[in-house]
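The structure appears below as C-alpha coordinates.
The values are calculated or read from the model by the stated rules, or taken from the named source; none is laboratory data. On a predicted model such as this, the values are computed, not experimentally measured, just so you know. All Cβ positions, even for glycine, are placed from backbone atoms using ideal geometry, and neighbour counts span all protein chains on display. Heavy atoms of the whole protein, side chains included, go into the accessibility calculation; ligands, DNA and RNA do not. Shrake-Rupley method; radii C 1.70, N 1.55, O 1.52, S 1.80 Å.
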Amino acid sequence: QQQVKQSPQSLIVQKGGISIINCAYENTAFDYFPWYQQFPGKGPALLIAIRPDVSEKKEGRFTISFNKSAKQFSLHIMDSQPGDSATYFCAATSGSGGGADGLTFGKGTHLIIQP
Amino acid sequence: DAGVTQSPTHLIKTRGQQVTLRCSPKSGHDTVSWYQQALGQGPQFIFQYYEEEERQRGNFPDRFSGHQFPNYSSELNVNALLLGDSALYLCASSSGQGYQETQYFGPGTRLLVL
(Lines give C-alpha, C1' and ligand atoms only; values in the text may rest on other atoms or scores of the structure.)
Protein backbone atom coordinates (compact mmCIF):
# COMPACT_ATOMS: atom_id res chain seq x y z
CA GLN A 1 0.00 0.00 0.00
CA GLN A 2 1.51 3.26 -1.16
CA GLN A 3 1.07 5.80 1.60
CA VAL A 4 2.30 8.85 -0.33
CA LYS A 5 1.09 9.37 -3.89
CA GLN A 6 3.03 11.83 -6.05
CA SER A 7 2.12 13.37 -9.41
CA PRO A 8 2.99 13.99 -12.15
CA GLN A 9 5.58 11.34 -12.87
CA SER A 10 7.36 13.71 -15.25
CA LEU A 11 7.08 17.42 -15.97
CA ILE A 12 8.48 19.76 -18.60
CA VAL A 13 8.44 23.51 -17.87
CA GLN A 14 9.83 26.45 -19.78
CA LYS A 15 12.56 28.53 -18.18
CA GLY A 16 11.00 31.20 -15.99
CA GLY A 17 7.77 29.27 -15.54
CA ILE A 18 6.22 27.74 -12.43
CA SER A 19 6.75 24.05 -11.70
CA ILE A 20 4.08 22.38 -9.55
CA ILE A 21 4.34 18.90 -8.03
CA ASN A 22 1.56 17.39 -5.94
CA CYS A 23 1.46 14.77 -3.21
CA ALA A 24 -1.30 13.13 -1.20
CA TYR A 25 -0.95 11.03 1.91
CA GLU A 26 -3.13 8.56 3.78
CA ASN A 27 -1.60 8.16 7.22
CA THR A 28 -3.02 10.85 9.53
CA ALA A 29 -0.14 10.24 11.95
CA PHE A 30 2.26 11.94 9.54
CA ASP A 31 3.28 15.33 10.90
CA TYR A 32 6.40 16.30 8.98
CA PHE A 33 6.55 16.68 5.21
CA PRO A 34 9.93 17.28 3.51
CA TRP A 35 10.75 17.63 -0.15
CA TYR A 36 13.99 16.25 -1.52
CA GLN A 37 15.85 17.03 -4.74
CA GLN A 38 18.00 14.35 -6.34
CA PHE A 39 20.45 14.68 -9.20
CA PRO A 40 21.65 11.61 -11.15
CA GLY A 41 24.24 9.63 -9.22
CA LYS A 42 23.68 11.61 -6.00
CA GLY A 43 21.78 11.12 -2.78
CA PRO A 44 18.59 13.12 -2.10
CA ALA A 45 19.16 16.61 -0.72
CA LEU A 46 16.63 18.30 1.56
CA LEU A 47 14.97 21.23 -0.21
CA ILE A 48 12.25 22.47 2.10
CA ALA A 49 9.94 20.98 4.74
CA ILE A 50 6.66 21.81 6.46
CA ARG A 51 4.65 20.80 9.51
CA PRO A 52 0.83 20.69 9.39
CA ASP A 53 0.37 23.62 11.76
CA VAL A 54 1.01 26.02 8.85
CA SER A 55 -0.60 26.10 5.40
CA GLU A 56 2.34 27.50 3.49
CA LYS A 57 6.11 27.81 3.77
CA LYS A 58 8.35 29.74 1.41
CA GLU A 59 12.11 29.61 1.01
CA GLY A 60 13.46 31.60 -1.90
CA ARG A 61 11.89 30.31 -5.12
CA PHE A 62 10.48 27.21 -3.39
CA THR A 63 7.06 27.13 -1.69
CA ILE A 64 5.18 24.29 -0.01
CA SER A 65 1.40 24.54 0.19
CA PHE A 66 -0.28 22.26 2.71
CA ASN A 67 -3.97 21.26 2.98
CA LYS A 68 -4.44 19.21 6.13
CA SER A 69 -8.15 18.46 5.62
CA ALA A 70 -7.51 17.13 2.11
CA LYS A 71 -4.28 15.41 3.19
CA GLN A 72 -2.46 17.00 0.28
CA PHE A 73 0.65 19.10 -0.13
CA SER A 74 2.46 20.54 -3.10
CA LEU A 75 5.78 22.05 -4.13
CA HIS A 76 5.87 25.18 -6.27
CA ILE A 77 9.11 26.26 -7.94
CA MET A 78 8.87 29.85 -9.12
CA ASP A 79 11.00 31.24 -11.96
CA SER A 80 12.16 27.70 -12.81
CA GLN A 81 15.75 27.48 -14.08
CA PRO A 82 17.60 24.79 -16.08
CA GLY A 83 19.64 24.03 -12.96
CA ASP A 84 16.39 22.95 -11.27
CA SER A 85 16.19 19.97 -13.65
CA ALA A 86 16.26 16.96 -11.30
CA THR A 87 14.04 14.36 -9.69
CA TYR A 88 11.91 15.64 -6.82
CA PHE A 89 10.53 13.46 -4.05
CA CYS A 90 7.91 14.32 -1.49
CA ALA A 91 8.09 12.43 1.78
CA ALA A 92 6.30 12.15 5.09
CA THR A 93 7.06 10.93 8.57
CA SER A 94 5.84 11.14 12.12
CA GLY A 95 8.24 12.76 14.55
CA SER A 96 7.58 10.95 17.76
CA GLY A 97 9.51 13.47 19.82
CA GLY A 98 12.56 11.28 20.02
CA GLY A 99 13.87 12.01 16.56
CA ALA A 100 12.66 11.21 13.08
CA ASP A 101 10.89 8.02 12.15
CA GLY A 102 11.60 6.44 8.77
CA LEU A 103 10.55 8.56 5.82
CA THR A 104 7.85 7.37 3.44
CA PHE A 105 8.61 8.67 -0.05
CA GLY A 106 6.54 9.30 -3.14
CA LYS A 107 7.69 7.73 -6.40
CA GLY A 108 9.27 10.95 -7.64
CA THR A 109 8.79 13.54 -10.36
CA HIS A 110 11.35 13.94 -13.11
CA LEU A 111 11.44 17.69 -13.81
CA ILE A 112 12.98 19.13 -16.97
CA ILE A 113 13.34 22.90 -17.39
CA GLN A 114 13.73 23.84 -21.02
CA PRO A 115 15.92 26.88 -21.77
CA ASP B 1 31.85 19.96 8.51
CA ALA B 2 31.70 16.57 6.81
CA GLY B 3 28.30 15.42 5.72
CA VAL B 4 27.10 11.82 5.61
CA THR B 5 29.68 9.53 4.03
CA GLN B 6 29.18 6.03 2.65
CA SER B 7 31.49 3.31 1.42
CA PRO B 8 32.05 1.75 -0.98
CA THR B 9 30.57 3.84 -3.80
CA HIS B 10 29.97 0.86 -6.06
CA LEU B 11 29.87 -2.89 -5.49
CA ILE B 12 29.27 -5.95 -7.67
CA LYS B 13 28.24 -9.25 -6.10
CA THR B 14 26.75 -12.53 -7.28
CA ARG B 15 23.53 -14.17 -6.13
CA GLY B 16 23.80 -15.88 -2.76
CA GLN B 17 26.72 -13.79 -1.55
CA GLN B 18 26.70 -11.46 1.44
CA VAL B 19 27.50 -7.74 1.43
CA THR B 20 28.33 -5.10 4.05
CA LEU B 21 27.82 -1.40 3.44
CA ARG B 22 29.13 1.34 5.73
CA CYS B 23 27.93 4.78 6.76
CA SER B 24 29.33 7.62 8.87
CA PRO B 25 26.73 10.15 10.03
CA LYS B 26 26.93 13.91 9.84
CA SER B 27 28.81 15.48 12.74
CA GLY B 28 26.55 15.84 15.77
CA HIS B 29 24.04 13.24 14.60
CA ASP B 30 23.41 10.04 16.52
CA THR B 31 20.68 8.35 14.47
CA VAL B 32 21.23 6.46 11.23
CA SER B 33 18.54 5.27 8.82
CA TRP B 34 19.02 3.04 5.79
CA TYR B 35 17.01 3.16 2.58
CA GLN B 36 16.89 1.12 -0.63
CA GLN B 37 16.27 3.00 -3.88
CA ALA B 38 15.50 0.88 -6.93
CA LEU B 39 16.05 2.45 -10.34
CA GLY B 40 13.35 5.01 -11.10
CA GLN B 41 11.70 4.66 -7.68
CA GLY B 42 11.63 6.58 -4.44
CA PRO B 43 13.76 5.42 -1.51
CA GLN B 44 12.20 2.75 0.72
CA PHE B 45 12.92 2.69 4.44
CA ILE B 46 14.81 -0.38 5.64
CA PHE B 47 15.54 0.37 9.32
CA GLN B 48 16.83 2.97 11.75
CA TYR B 49 19.46 2.72 14.47
CA TYR B 50 19.66 4.85 17.60
CA GLU B 51 21.81 4.21 20.68
CA GLU B 52 23.21 1.09 18.98
CA GLU B 53 19.79 -0.54 18.75
CA GLU B 54 17.35 -1.03 15.89
CA ARG B 55 14.66 1.51 16.69
CA GLN B 56 12.32 1.07 13.76
CA ARG B 57 12.08 -1.27 10.77
CA GLY B 58 10.38 -1.10 7.40
CA ASN B 59 8.97 -3.97 5.38
CA PHE B 60 12.22 -5.79 4.60
CA PRO B 61 13.10 -9.45 5.26
CA ASP B 62 15.52 -10.64 7.94
CA ARG B 63 18.22 -11.00 5.28
CA PHE B 64 18.71 -7.29 5.87
CA SER B 65 20.42 -6.58 9.17
CA GLY B 66 22.43 -3.77 10.63
CA HIS B 67 24.61 -2.52 13.37
CA GLN B 68 25.48 0.80 14.96
CA PHE B 69 28.80 1.42 16.67
CA PRO B 70 29.53 3.60 19.73
CA ASN B 71 30.81 6.38 17.41
CA TYR B 72 27.34 6.35 15.71
CA SER B 73 28.62 4.92 12.43
CA SER B 74 26.57 2.07 11.01
CA GLU B 75 26.71 -0.99 8.80
CA LEU B 76 24.04 -2.57 6.62
CA ASN B 77 24.41 -6.28 5.95
CA VAL B 78 22.50 -8.19 3.32
CA ASN B 79 22.71 -12.00 3.23
CA ALA B 80 21.81 -14.45 0.47
CA LEU B 81 21.72 -11.72 -2.18
CA LEU B 82 19.00 -11.82 -4.81
CA LEU B 83 18.98 -10.15 -8.22
CA GLY B 84 16.23 -7.87 -6.89
CA ASP B 85 18.58 -6.49 -4.25
CA SER B 86 20.33 -4.50 -6.98
CA ALA B 87 19.72 -0.87 -6.00
CA LEU B 88 21.20 2.31 -4.60
CA TYR B 89 21.51 1.98 -0.83
CA LEU B 90 21.24 5.27 0.97
CA CYS B 91 22.17 6.17 4.49
CA ALA B 92 20.60 9.16 6.24
CA SER B 93 21.53 10.69 9.57
CA SER B 94 19.53 12.78 12.01
CA SER B 95 19.49 13.83 15.63
CA GLY B 96 17.65 11.71 18.16
CA GLN B 97 17.52 14.57 20.62
CA GLY B 98 14.36 16.55 20.85
CA TYR B 99 11.90 17.08 18.04
CA GLN B 100 14.33 16.97 15.14
CA GLU B 101 13.01 15.26 12.05
CA THR B 102 15.43 16.40 9.36
CA GLN B 103 17.33 13.55 7.75
CA TYR B 104 20.43 14.20 5.67
CA PHE B 105 21.39 11.67 3.03
CA GLY B 106 24.75 10.39 1.89
CA PRO B 107 25.65 9.79 -1.77
CA GLY B 108 24.73 6.11 -1.58
CA THR B 109 26.31 2.78 -2.49
CA ARG B 110 25.34 1.36 -5.86
CA LEU B 111 24.98 -2.45 -5.51
CA LEU B 112 24.71 -4.68 -8.56
CA VAL B 113 23.85 -8.35 -8.03
CA LEU B 114 24.63 -10.66 -10.96
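Odds and ends about this structure:
- Look at the stretch A:102-114: the mean tally of other chain Cβ atoms within 10 Å of its residues' Cβ atoms is 4.
- Karplus-derived 3J(HN,Hα) values for the range A:41-47, using 6.51 cos²θ - 1.76 cosθ + 1.60 with θ = phi - 60°, are x, 10, x, x, 10, 5, 9 Hz; glycine and proline are entered as x.
- Most mobile of B:D85, B:D62, B:D30 in a GNM of chain B (Cα contacts under 10 Å): B:D62
- Total accessible surface hidden between B and A, rounded to 100 Å², 1.4 Å probe: 1900 Å²
- Positive minus negative residues near B:S7 (Lys, Arg vs Asp, Glu; Cβ under 11 Å): 0
- With Cα atoms as the point set, the range B:5-113 shows a radius of gyration and Dmax of 13.1, 42 Å.
- Within the accessible surface of chain A, defined with a 1.4 Å probe on protein heavy atoms only, the carbon and sulfur portion equals 49 percent.
- Backbone HN-Hα couplings from phi across the range A:63-70 [Karplus 6.51/-1.76/1.60, Hz, Gly and Pro as x]: 10, 9, 10, 10, 10, 5, 5, 8
- Look at the stretch B:36-46: the mean tally of other chain Cβ atoms within 10 Å of its residues' Cβ atoms is 5.
- Over chain A, accessible surface divided per residue gives 47 Å², non-protein components excluded, 1.4 Å probe.
- 10 Å beta-carbon shell around A:P52, net charge (K/R +1, D/E -1): +1
- In this structure, the pairs whose alpha-carbon distance is over 23 Å, taken from A:K42/A:K107; A:K42/A:K71; A:K5/B:K26; A:K42/B:K13; A:K42/A:K68; A:K71/A:K107, are A:K42/A:K71; A:K5/B:K26; A:K42/A:K68.
- In the protein assembly as shown, a dipole from Cβ-located charges (positive for Lys and Arg, negative for Asp and Glu) runs towards its positive end, and of B:T5, B:G66, B:S86 it is B:S86 whose Cα lies farthest in that direction.
- The tail of the calculated P(r) for the protein assembly as shown beyond 24 Å holds 44 percent of all Cα-Cα pairs.
- For the peptides A:46-55, A:106-115, the ranking by packing is A:106-115, A:46-55, with the highest mean count of neighbouring Cβ atoms within 10 Å listed first.
- Choice from B:Q17, B:Q44, B:Q36 with maximal GNM fluctuation in chain B (Cα, 10 Å cutoff): B:Q17
- Point-to-point label distance, B:T14-A:I20, nm (Cα→Cβ direction, 7 Å offset): 5.4 nm
- Entry comment: accessible area of chain B is 48 Å² per residue, from protein heavy atoms only and a probe of 1.4 Å.
- Put the Cα centre of the range A:17-56 next to the Cα centre of the range B:36-114 and the gap is 20 Å.
- Cα gyration tensor, the range B:1-52 - rounded (a/c under 1.5), prolate or oblate: prolate
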